[in-house]
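Asks: Please see the structure below; I have some questions.
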Amino acid sequence: MIPAIRGTHDILPGEVEKWQHVERVARSLCDRFGYVEIRTPVIEREELFSKGTGETTDIVQKEMYSFTDKGGDRITLRPEATPSMVRAYVEHSLEHALPSTKIYSMGPMFRYERPQKGRYRQFHQLDVEVFGLHDPAIDAEVIDLAWSLVSELGISETEVVINSVGCADCRPKFQAALLAALGDDLPKLCQDCQRRAITNPLRIYDCKVPADQPIIDRLPHSVDYLDEKCAVHFTAVRGHLDTWGIPWRLSHRLVRGLDYYTRTTFEILGQTLGAQNALLGGGRYDGLVKSLGGPDRTGIGFAAGLERLVMALPEHATMAATPRAFVGAIGDEPRVDALRLLRELRMAGLAASMEFEGRSLKAQMKRADRLGARVVLLIGADELAKGEVTVRDMRNSEQRAVPRADVVAATRALLEGQ
Ligand code: AMP
């Protein structure tokens, strides 16, 4: 046996229904909020991520699956969707092609991380992006979509955390204050933080090393360094959230270091998930489209981990299977008609199965049971002679003879009735 690669996983029946449920709710919400789906390739040029995700990030420095293809090009399995979404937006001039540039995508991402509960090397994200809109109401709408997703999935014990990291004008002042506040404490921080202090100081706030925390807790807060415009924007975002009854908490630690991240950042945390507790995260990145060669357009979005949403679903979440009919036949001649009936049911849009191997009635009924069939249709020599089918409602075991011509309609009534 050749096992699956570490950090990847099969999604099998029993589990896959939960995935379909999460995907259905996500699509339905995106549709209601006015987002249209796009699908981008899993492979992209490596430079899209070194530029788009950022040279100094852990993703680019340590986690990318990159290789040289047979033509000599550097290729990367996408570690996140945003750079691909921006590329597609620019490459196809979507701002002109679409009535509004609110787009979403779902699919696998790849990061060479240390696998653990809630963290995989191939995982899946719902990615939502809005281009070209500045209004704080759109920041709040994106957070509302994320919040509605988690709520509609019935995931409780969640927390919305938000922050503002300012813009290219006010962030240098914050960064200077941060380095000044670190001062003599810098050598006491972990190696990663010391490196970050040089390459990307804001990322020090992401540090999880316990010994560093007392020092990091004393560092300045980005919201105290916002310029007038950024402060007004952030106040408006919080105002909308309050008006719409979406609870939030300010987290000074929610800081994205890269230059193109601006203003609003947010995450939704799940309390039941353990160490990997971020269900989703996002923010505004007003400089990214331009830095990837596009027009000067704002951007805001989030990515939700589908594995984590599935893990956080409540126990009782019902993923009802499609009601199904089962066709049973006794004897060779009835079997020919049973196969014909099976096709008729399927062509009429109904879910229907038959037993192909075990021929005894007992074996067929056993299969019907395992499949959870709601209706069993039986054809024997008797039925065939009379031009009828025995229709059994498995919920109450009542059965009756139905003329062959009416069987599909009778089955539909039983499958679609309550
Ligand atoms: P990020 O793209 O790192 O901001 O992550 C957005 C969301 O994707 C997180 O909140 C997680 O839900 C999910 N996620 C990120 N990395 C992984 C991973 N390695 N395994 C599973 N889910 C992940």
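The values are calculated or read from the model by the stated rules, or taken from the named source; none is laboratory data. None of the values given here were measured: they were computed from a predicted structure. Note: ideal-geometry Cβ built from the backbone for every residue, glycine included; neighbour counts use all protein chains shown. Heavy atoms of the whole protein, side chains included, go into the accessibility calculation; ligands, DNA and RNA do not. Shrake-Rupley method; radii C 1.70, N 1.55, O 1.52, S 1.80 Å.
Asks: Could you grab me the full set of residues in region 196-225 that are open to solvent by 30 Å² or more (accessible area, probe 1.4 Å) and modelled with pLDDT of 90 or more?
Replies: Those that are open to solvent by 30 Å² or more (accessible area, probe 1.4 Å) and modelled with pLDDT of 90 or more: 209, 210, 211, 213, 214, 217, 218, 221, 223, 224, 225.
Asks: Check whether at least one residue in region 330-340 is farther than 25 Å from residue 14 by Cβ, part of a loop (DSSP other than H, G, I, E, B), among the β-branched types (Val, Ile, Thr) and open to solvent by 30 Å² or more (accessible area, probe 1.4 Å), and report yes or no.
Replies: Residues of region 330-340 farther than 25 Å from residue 14 by Cβ: 330-340.
Adding the requirement that they be part of a loop (DSSP other than H, G, I, E, B) leaves 330-331.
From what's left, among the β-branched types (Val, Ile, Thr): 330.
Adding the requirement that they be open to solvent by 30 Å² or more (accessible area, probe 1.4 Å) leaves 330.
Scanning region 330-340, I find at least one residue that is farther than 25 Å from residue 14 by Cβ, part of a loop (DSSP other than H, G, I, E, B), among the β-branched types (Val, Ile, Thr) and open to solvent by 30 Å² or more (accessible area, probe 1.4 Å), so the answer is yes.
Asks: Can you name the residue in region 274-305 that is touching a helix residue (DSSP H, G or I) at 6+ places or on another chain (Cβ under 6 Å) and within 11 Å of the ligand (Cβ to nearest atom) and, of all such residues, is farthest from residue 140 (Cα to Cα)?
Replies: 279
A quick yes/no check of all residues on (1) of a type in the set (Phe, Trp, Tyr); (2) assigned to a helix (DSSP H, G or I); (3) surrounded by 18 or more Cβ atoms within 10 Å (Cβ to Cβ):
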residue: 17; (1), (2), (3): no, yes, no
residue: 22; (1), (2), (3): no, yes, yes
residue: 61; (1), (2), (3): no, yes, no
residue: 83; (1), (2), (3): no, yes, yes
residue: 89; (1), (2), (3): yes, yes, yes
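Asks: Another question, then. Among the residues in region 351-370, are any charged (D, E, K, R), within 16 Å of the ligand (Cβ to nearest atom) and surrounded by 18 or more Cβ atoms within 10 Å (Cβ to Cβ)?
Replies: Taking region 351-370 first, the residues charged (D, E, K, R) are 355, 357, 359, 362, 366-367, 369-370.
Add one more test, that the residue is within 16 Å of the ligand (Cβ to nearest atom), and what stays is none.
Checking region 351-370: not a single residue is charged (D, E, K, R), within 16 Å of the ligand (Cβ to nearest atom) and surrounded by 18 or more Cβ atoms within 10 Å (Cβ to Cβ).
Conditions (1) modelled with pLDDT under 95; (2) in contact with a helix residue (DSSP H, G or I) (Cβ under 8 Å, 6 or more places away or on another chain); (3) open to solvent by less than 40 Å² (accessible area, probe 1.4 Å); (4) within 12 Å of the ligand (Cβ to nearest atom), marked per residue:
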position: 93; (1), (2), (3), (4): no, no, no, no
position: 103; (1), (2), (3), (4): no, yes, yes, no
position: 108; (1), (2), (3), (4): no, no, yes, yes
position: 112; (1), (2), (3), (4): no, yes, no, yes
position: 118; (1), (2), (3), (4): yes, yes, yes, yes
position: 122; (1), (2), (3), (4): no, no, no, yes
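Asks: Still on this structure: How many residues are without any contact (Cβ under 8 Å) to a residue 40 or more places away in the chain and assigned to a loop (DSSP other than H, G, I, E, B) if we restrict to region 368-387?
Replies: 1
Asks: Here is a follow-up. Any chance you could count how many residues in region 171-195 are open to solvent by less than 80 Å² (accessible area, probe 1.4 Å) and within 25 Å of residue 59 (Cα to Cα)?
Replies: 13
Asks: Okay, next question. Could you please find all residues in region 137-170 being outside any loop (DSSP other than H, G, I, E, B) and open to solvent by 10 Å² or more (accessible area, probe 1.4 Å)? Step through it out loud before you land on a result.
Replies: Quick first cut of region 137-170, residues outside any loop (DSSP other than H, G, I, E, B) only: 137-152, 158-164.
137, 138, 141, 144, 147, 148, 151, 152, 158, 159 - these are the residues of region 137-170 that are outside any loop (DSSP other than H, G, I, E, B) and open to solvent by 10 Å² or more (accessible area, probe 1.4 Å).
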